[in-house]
Every structure is written in structure tokens, then in C-alpha cells.
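Below you'll find the structure, written out as C-alpha cells, and then a few comments.
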Amino acid sequence: MSTVASLRRRFTAADALILLNGVSTFGSGLVYPYTALYLSDLPEMGTAGVSIFYGAAAAANLVTAGVLAAGWVAPRPTRLGLAGTLMLAVGFLATAAAGSLTALFVAVLFIGCGQGCLLVSMVPVLSTLTPPEQRRSVFARRYRAINVGLGLGAVVAGLTTGFFATAVVPWLFVANALSYLPLAYAFHRLRVRERRAQVGDAERREAATPGEEAVEGTRAAGGRLKWLGAAGALAVLFQLGAYLFGHSQFEATSPLVAVRLMGIGLGTVSALLLVNTAVVALGQGRITRLLSRRDETFGLRTAVLLWVAAYVVAMASSFGPLPLRYAGLLLFAVVFALGECAYSCSFHPWLIDSVQPKDVTRVSALASGAMGIGTAAGPTIGVALALTGEASAVWLGLASFCLLLLFTLGRRRLAVPGPGGTPAVATPEKTPSSHTEETT
């Protein structure tokens, strides 16, 4: 019984949310590798259906993030997460049954809006559930769960379609829709817990003096972008650059350059993705521990420099014979994955420390929008570089662009909050003017 009680104490609400987030990404892994093939094979869809699926989803995601960032709609993060997961479930079920481009468009709007809501909600919810000193570990575990879920889902989808061809894909959409329901239930339980806590919050608000309420109202009534601040703006810019010159380049540009300009077979592209996912799954914990004694800015600099090193490795291998190019690209995948590990355990804690706790949801929405823009526009940069016809020019160009991210990090990070949410005395690397508080 003591062991069971110990496990219960260790397994927190944040852990449950991360685990169920991994389950939902397992469902995503089932459908995303074969969505384009499935839709293009349908007579009533074709390439128009593929364009609608990806284009409308990206647009709806971006609009949702923009609306939330502007503050036009300001639901509680748990309610936002619940709405997002339910919209995703409805959207993928509707996609499985869609028999026309119009029906597909409506289904994809649910998917895009749901993705926007879910992505924006996860950061403030996990921040609220986690003490500041554990945020780095929590977000690292979430990134690992997402990668493991996607990888396992893709493997299961590959085996399933190998036996039943793409005719089974509609049922994979159904499975993906069902994979969001446990996460929706988790958000529902957190929402119930919030309602119970609201009784105590109301009593504390009644005890507050009018002067304190007036001060708070004055703070909330600041200028349109005062809530963002310079530090928050830099965090959003870093997120944009990380997807423009980092994540999207590995997913889209590296396969193109490997096959078209380096003479690598398609099988090696799958190997790159497999190696990348394996390194993230196995190395995330170790990288997080290695960076835990340094601030998040150091972790992000490490991520950028590792991505640059990965591009340099790929560039150097492009001058060698075929075996060296194979080895160089595999090493590229390893080093790039280590950079992802450093990024995942550092970025969101850095973002949370960059703004007031009450503004985390809005800044998270801006960062989500920046991620969407970077994911959509990033491959264009890689394709433009590939037009030179030289693999080395592509890798060198990406390394150079990636270095620009260092300018968004500055030299110092914000102060760590002291007991009760008051700023503690800053270390030599930190400034005393922090807006950071422990969210409760």
C-alpha cells in the first residue's frame, strides 16, 4: 500500500495531462502520414481535397490563435482545452465521413480551430499545475510524450495500411477522434476542480480592500500591447524563428535535399525520422538534467548552436562519397534531435517567465500563431535555397539563418520569484525586475 500511495503522490495532474496528450498524438500519428495519399485517391477529393485539408486547417488555427491573443475571447485555459479536444474529435469524425469538398472544408475548420485552442491552452494549464522549479522537466516530458506518440502512431499506421492499403484510413480517422476523448475528460476534471476552488477565491476577493482592486484594475487597463512587453515579444520572435529555420527545415527541407541534391534513397529519409524520434525519446531526460543548473536562456542558446552544428555536419558530408553522406545525415538527425531536446525543456518556461502570469494564455496564443506561420513558411525558405542546386549552399544558408535566433535571446533572464510570488534577489545572471510569479 505504501508503494501505491507513493506512486499516487508522484503521479500528478500534470503527469496525467502529459500522458493523455501523448495518447492524442498517437492518434495524430495514425492519420497524418497517409492523409494526403488517402484524400488524393478519392475521386470526389483529389488534390483539391489535400489543399483544403492542410490550407484550411492552418488558416483556422492561425485565426484562432489571433483571436485569443487579441483578447476578444478570453476563456479559462481549461475550458479552452476542453473545447479544443472536443472540436478535434468532431472534426476528425466528420473527415472520416466527408463525401464532398464542402463537407471536408467544414470538418477541417473544426480541426484547425481545435488545434489552435488545444495548443494555446496547454502552456498555461501546465504552468498552473507545476511549481516553477519543475516547469523545465514538465515541458520536456510533454515534448517527449508527443514525439513518442507520433512515432508509435506512424508505425502502427504503416503496419495497418500495409495489410489493408489506404482503404483503412477512414477508420484511422475515427481512432484519432477517439484518442482526444481521454484528454477532453482530463480538462473537464480540471475544470471541475477550478469551480470548487472558485468559492475560496470569491471569499478572498471580498476581503480585498477597494484600493487593491483599483490598483489591479489600473494594471489591467494598460495599453494594447503593454501586456506583451519586450521580453514577451522576443519570446514570440524566437518561436517564429525556431520553426522557420529549425523544426520545419528538418521535416520538409532535409528530405528534399537528401533525395534530390545528395542522392540519398527514400529509405534513408524514414531512417532520419526514426533516428530523430529515438534520440528525443531516449535523450530528453538526460539533456534536461544537464541543463537544469543553468537558466532557460542558456538552454535555448544550446538548442540553436546544436541546430547550427547539425547543419554544418550535413554540409560537410555533402562533399564526400555516398557512404559519408549517409553517415553525415544520420549524425545530422542525432545532433538536430539533441537541439530539440534543449529547446523543449527551455522555451515554454522562458516564455512563462517573460510575462505576467495573467498574460500567459495570450502570449501562448501569439507563440502558437508564430509556430503556425513558421511551419507554413519555413519550407519555402528551404525550397528557395535548394534552387541553387547545391546541397552545401542549402545547409550553409540554414545555419546562417539559424544563428539569427541568438539575437532574440538577449544576455539575461528574468528573476526567479521568491516565496509568495515576490521577486527574489537576482543572481549575477538575472535582473531584479521580474514579472514572474508562481501561478496557482
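The values are calculated or read from the model by the stated rules, or taken from the named source; none is laboratory data. Please read these numbers as outputs of a predicted model, since none were measured by experiment. Heads up, the Cβs are rebuilt from the backbone with ideal geometry, glycines too, and the neighbour counts pull from every protein chain shown. Just the protein is used for accessible areas: all its heavy atoms, side chains included, with ligands, DNA and RNA removed. Shrake-Rupley method; radii C 1.70, N 1.55, O 1.52, S 1.80 Å.
Expected output is a single nm value to one decimal: the length gained when fully extending between Glu251 and Ala377, i.e. 0.36 nm times separation in residues minus the C-alpha distance. What is it?
44.1 nm
Which whole-number percent gives the relative contact order of the range 242-400, counting Cα pairs below 8 Å spaced six or more residues apart?
38
Kindly state, to the nearest 0.05, the FRET efficiency for Leu37 paired with Val63, given R0 = 22 Å and r defined as their beta-carbon distance.
That gives a FRET efficiency of 0.20.
Quick check: pseudo-label points 7 Å beyond the Cα along Cα→Cβ at Arg193 and Leu403, how many nm apart are they?
Each label point lies 7 Å from its Cα, and together they span 4.7 nm.
Treating only the Cβ atoms of Lys and Arg (+1) and Asp and Glu (-1) as charged, compute the dipole magnitude of the range 43-149 about its Cα centre; round to the nearest 20 debye.
Here the size comes out at about 500 debye.
Above 17 angstrom, tally the Cα pairs of the range 14-106 and express them as a % of all pairs, no decimals.
Beyond 17 Å sits 59 percent of the P(r) for the range 14-106.
Against the 2.2 N^0.38 Å scaling, with N counting residues, where does the range 256-384 land? I'd like the Cα-based Rg ratio to two decimal places.
This ratio for the range 256-384 stands at 1.21.
Counting only protein heavy atoms and a 1.4 Å probe, tell me what percentage of the range 222-321's accessible area is made up of carbon and sulfur.
That share works out to 67 percent.
Computed FRET efficiency, Cβ-Cβ of Leu274 and Thr47, R0 30 Å: what is it to the nearest 0.05?
0.60
Compute log10 of I(q)/I(0) for the range 229-329 with the Debye formula, placing one identical point scatterer on every Cα and leaving out solvent, at q = 0.17, 0.23 Å⁻¹, to two decimals.
-0.91, -1.30
So what's the range 78-148 giving for Rg/Rh, alpha carbon basis, Kirkwood Rh from the mean inverse pair distance?
Rounded to two decimals, Rg/Rh equals 1.14.
Could you do me a favour and compute the accessible area per residue for the range 112-162, 1.4 Å probe, result in Å²?
33
Please compute the volume of the convex hull spanned by the alpha-carbon atoms of the range 50-184 and report it per residue in Å³.
111
Contact order normalised by length for the range 37-142, with contacts defined as Cα pairs under 8 Å and 6 or more residues apart; what percent is it?
After rounding, I find 32 percent.
How many percent of all Cα-Cα pairs in the range 120-195 sit more than 20 Å apart?
Value for the range 120-195 (Cα pairs over 20 Å): 50 percent.
Pop out the carbon and sulfur fraction of the accessible area of the range 16-164 as a percent, whole number, probe 1.4 Å.
C and S fraction of accessible area: 73 percent.
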